[in-house]
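I have placed the structure first, in the form of structure tokens, so that the comments after it can refer back to it.
Every number here is computed from the coordinates shown, using simple stated rules; none is lab data. Bear in mind that the values here come from a model prediction, so they are computed numbers and not experimental data. Every residue, glycine among them, receives a Cβ derived from its backbone with ideal geometry; neighbour counts consider all protein chains shown.
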Amino acid sequence: MQMEAPNSSAVGSRWSKLGTTLPVRNVQALAADELTADTIERYIHPDIDANTVLAEHSDDVPVIDLGKLSSPGSVEAEVEKLRFACEEWGFFQLVNHGVPDEVITGVRRDAEKFFQLPLDVKNAYAQRPGDLQGYGQAFVQSNDQKLDWADMFVLYTQPIQARDMSYWPSQPHTFRNSFEEYSSELMKVADSVATFIARTLDGDPELVADKNVVQILRMGYYPKCASMPEKVLGFSPHSDGSFLTILLEVNSVQGLQIRWHGAWIPVKPRRDALLVNVGDLLEIMTNGKYKSIEHRVTVDAHKERLSISAFHVPNLDGVVSPVLGVTEEKVLYKTTKVEEYSRLYMSNKLDGKRALDHAKLS
């Protein structure tokens with residue numbers, strides 16, 4: 001990845017303006033009302049059963065031990081497991097990740113407490129026109145598109161200078177501190193994982209080194225849907241426009257499914273793990289060797305689900321291209337400007353295609 005040092009004070013503003021989303025009714029409040037066919041119609045996905053769900057493979061998602069990657073006696077074997085996970089699955093559970101238990105506990109607690117606040121309190125942090133940060137929904141670009149059964153809260157967390165603290169809740173009172181600590185710890189994890197991914201490619205760690213990484217946190221709240229859980233989605237199928245994504249399951253309610261060999265595989269939450277996945281930009285850099293896999297979120301009939309996704313992305317002035325020496329003979333992807341790709345990704349939610357398809361050479 002080729003990088004130029006960004007103006008940190010402008011980073012958050014530039015990312016916020018890459019896309020827009022229309023205001024829609026709060027799903028948490030909607031779920032609390034008696035649902036009718038009319039109110040839920042926009043949330044029904046008629047093609048939800050287009051692919052088989054293979055629950056019997058839910059334990060097959062690879063598990064990578066960061067402690068073993070960091071140990072001279074076990075690193076080689078664990079690097080091979082990491083290579084397999086990136087090539088075949090695009091996802092892996094990361095254990096012994098080094099984030100202190102008290103930091104995980106704090107961020108889980110405050111995410112749950114935030115979504116328990118009255119709607120008018122949460123709306124004090126609502127998305128503003130033309131800004132993707134804040135409380136609301138993502139990628140709503142049409143008044144007739146199908147909607148996801150979820151509320152989102154997006155914060156630009158790194159670099160620190162890019163933060164707009166008007167979006168950072170003062171309730172619960174520990175929120176800012178716990179999310180600050182969690183954000184900082186995840187930056188260390190992301191750096192370690194990227195370094196070992198470079199090793200799986202037999203490349204110089206500098207290939208993936210970027211001291212100007214942008215981190216965006218997105219909390220997802222997926223209310224229960226007692227009436228038609230099998231017909232709605234918490235998040236429609238998509239891949240991530242990041243380099244790496246790190247997800248924390250807040251309350252261990254299952255819902256995430258990943259597309260694997262044409263079927264959907266439910267991912268069982270692990271309390272001791274962070275879930276890491278390859279993003280589009282890493283697939284481009286590895287010329288398709290490592291896969292940015294589509295995934296979706298289903299909804300439970302009886303329990304709400306909460307998660308926190310952390311997207312790690314090169315700065316907008318960066319350029320990503322297939323790295324010579326670790327790619328196949330034929331180059332499959334164009335050299336891509338991060339800002340252009342991110343803008344395309346934010347605007348490419350209505351035509352059924354992936355932004356990644358536009359980065360491929362014909």
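Some values worked out for this structure:
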read-out	value
On Cα atoms only, tilt of 75-84 relative to the major axis of the chain in degrees	60
Between helix 101-116 and the chain: long-axis angle, C-alpha atoms, 0 to 90°, nearest 10	30
Other-chain or far-sequence residues with amide H under 5 Å of T298's (modelled H)	G234, L256, Q257
Most fluctuating residue given options S74, S239, S307, as computed from a GNM of the chain linking Cα atoms under 10 Å	S74
Calculated from backbone phi, Karplus (6.51, -1.76, 1.60) coupling profile of the range 181-194 in Hz, x at Gly/Pro	5, 5, 4, 5, 5, 5, 4, 5, 4, 4, 5, 5, 4, 4
Where only alpha carbons of the range 241-362 are counted, the Rg and the Dmax (Å)	15.9, 51
Within a Gaussian network of the chain (alpha carbon springs, distance under 10 Å), most fluctuating of S166, S192, S321	S166
Within the chain, longest stretch free of exposed GluC sites (Glu not before Pro) [DSSP loop, at most 15 other beta carbons within 10 Å]	35-229
Rg followed by Dmax, in Å, when the chain is reduced to its Cα trace	19.5, 61
GNM result for the chain, Cα springs below 10 Å: residue of V213, V250, V323 fluctuating most strongly	V323
Compactness index (Cα Rg / 2.2 N^0.38 Å), the range 235-311	1.12
Phi to ³J(HN,Hα) by Karplus 6.51 cos²θ - 1.76 cosθ + 1.60 over the range 130-141, Hz, x for Gly, Pro	x, 10, 8, 6, x, 8, x, 10, 10, 6, 8, 10
Per-residue ³J(HN,Hα) for the range 224-237, Karplus 6.51 cos²θ - 1.76 cosθ + 1.60, θ = phi - 60°, Hz, x for Gly and Pro	5, 9, 6, 7, 9, x, 7, 10, 10, 10, x, 8, 5, x
Neighbourhood net charge (13 Å Cβ-Cβ; Lys/Arg +1, Asp/Glu -1) for S71	-2
Cβ-placed point charges (K, R +1; D, E -1), dipole of the range 125-273 about Cα centre in debye, nearest 20	440
Student exercise, the chain dipole from Lys, Arg, Asp, Glu Cβ charges, in Debye to nearest 20	560
Other-chain or far-sequence residues with amide H under 5 Å of D164's (modelled H)	Y156
Volume in Å³ per residue [convex hull over Cα atoms, computed for the range 173-311]	120
For the chain, calculated [θ]222 nm from helices alone, where every DSSP H run of n ≥ 4 adds -39500 (n - 2.57)	-7500 deg cm²/dmol
For I64, distant residues with modelled amide H under 5 Å away	Q93, L94, V95
Degrees separating the helix 338-347 axis from the principal Cα axis of the chain, which is the longest one	30
Pairs from K146/K337; K188/K289; K268/K303; K81/K330; K122/K231 whose Cα-Cα separation, in the structure shown, is over 23 Å	K146/K337; K188/K289; K81/K330; K122/K231
DSSP beta bridges in the range 81-234 [antiparallel fraction, %, rounded to 5]	90
DSSP beta bridges in the chain [antiparallel fraction, %, rounded to 5]	90
